[in-house]
1. Kindly establish whether residue 77 is surrounded by 18 or more Cβ atoms within 10 Å (Cβ to Cβ), within 14 Å of the ligand (Cβ to nearest atom) and within 23 Å of residue 131 (Cβ to Cβ).
2. Conditions: (1) under 27 Å from residue 232 (Cβ atoms); (2) not in a helix (DSSP H, G or I). Residue 78 meets all but one. Number of the miss?
3. Among the residues of segment 117-137, is there at least one that is closer than 30 Å to residue 245 by Cα and within 16 Å of the ligand (Cβ to nearest atom)?
4. Quick one: in segment 22-50, which of the residues that are part of a helix (DSSP H, G or I) and within 11 Å of the ligand (Cβ to nearest atom) is surrounded by the most Cβ atoms within 10 Å (Cβ to Cβ)?
5. Under the condition of being touching a residue at least 24 places away in the same chain (Cβ under 8 Å) and acidic (Asp, Glu), which residue from segment 33-79 is farthest from residue 179 (Cα to Cα)?
6. If you go through segment 81-93 one residue at a time, do you hit one that is within 12 Å of the ligand (Cβ to nearest atom) and either under 18 Å from residue 211 (Cβ atoms) or assigned to a loop (DSSP other than H, G, I, E, B) (or both)?
7. Among the residues of segment 135-152, is any farther than 15 Å from residue 41 by Cβ and in contact with a His (Cβ under 7 Å, 6 or more places away or on another chain)?
8. Which condition from (1) surrounded by 14 or more Cβ atoms within 10 Å (Cβ to Cβ); (2) within 16 Å of the ligand (Cβ to nearest atom) is the one that residue 104 breaks?
Amino acid sequence: MALIGVFDSGVGGLSILDEALHQLPQHDYIYLADSANAPYGEKSSEWIASRSLSLCKLLASRGCNAIVVACNTATAEAIKQIRAQLSIPIIGVEPGIKPAAMQSQNHIVGVLATEATLKSDKFNALLATLPSDCRFIKQAGADLVPLIEAGKADGQDTLELLATHLEPIQDAGADTLVLGCTHYPFLRKAICKLLGESITLIDTSDAVVRQLKRQLETIKQSSNPKSTFGSILLMSSKDEKSLLSMAQDLMSADLTMYSVQARILGEAG
Ligand code: DGL
């Protein structure tokens, strides 16, 4: 069994943890939500890189065998430094623009992501590798993350803000939409309400967890499974009780099958 760290600026990475629990239920997890500092997407590159690195170091110091940086923004700004400083597998998350370009029939793809992700060198380098006949309509999802953090993913305010953000994508006639922030899978219902079921939504959590699975195969783990379901420690820099109730609300995995604890993340970790 491995201990897997999953880190995000807030509750968004729960979409990745959820997928991990479906594919890899037997492992132990520490989920770290830096909700006191969310959203990351509007902060400077330097701040995001240094904060992400120190939180990943904290997860490594707690004995994690692998870490998923379950945040597109932190991956874009910090994954190089994190990999350079830690010797365990580090799995990142990137907006799925490549699968989107392959799946789009009319070659018009919307990309909803944070401002920091869209501006990052990593994202733009990836974009430059894709066929030029595919048009990408990039839209920063400003202010959506705080609404999701506040438990309002299905609220009227969120729907209205989302409608504004999706308008240029809709006007351009995109048939595919990349959910380029791990918070956005929790907007699926609202997006379908606004765009209908005919648009293809691209969420990379399945691919990310498959990559985690491959990485876990390369590291030594105890071959002695203790139970079918592992334990989950939820840590929040803001409010552990709210993180626990958001996890119960937002995730489809049955958390009652796991031993779940929630703790506040103190300054000392
Ligand atoms: N969930 C994050 C992402 O995937 C970050 C959102 C934010 O804090 O701005 O980009």
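1. no
2. Every condition holds for residue 78 apart from (2).
3. yes
4. If we take residues in segment 22-50 being part of a helix (DSSP H, G or I) and within 11 Å of the ligand (Cβ to nearest atom), then 48 is surrounded by the most Cβ atoms within 10 Å (Cβ to Cβ).
5. Out of the qualifying residues, it is 34.
6. yes
7. yes
8. In the conditions (1) surrounded by 14 or more Cβ atoms within 10 Å (Cβ to Cβ); (2) within 16 Å of the ligand (Cβ to nearest atom), residue 104 misses (2) alone.
The values are calculated or read from the model by the stated rules, or taken from the named source; none is laboratory data. Nothing here was measured: the structure is a model prediction, and the numbers come from that model. As a convention, Cβ positions derive from the backbone with ideal geometry for all residues, glycine included, and neighbour counts pool all protein chains shown.
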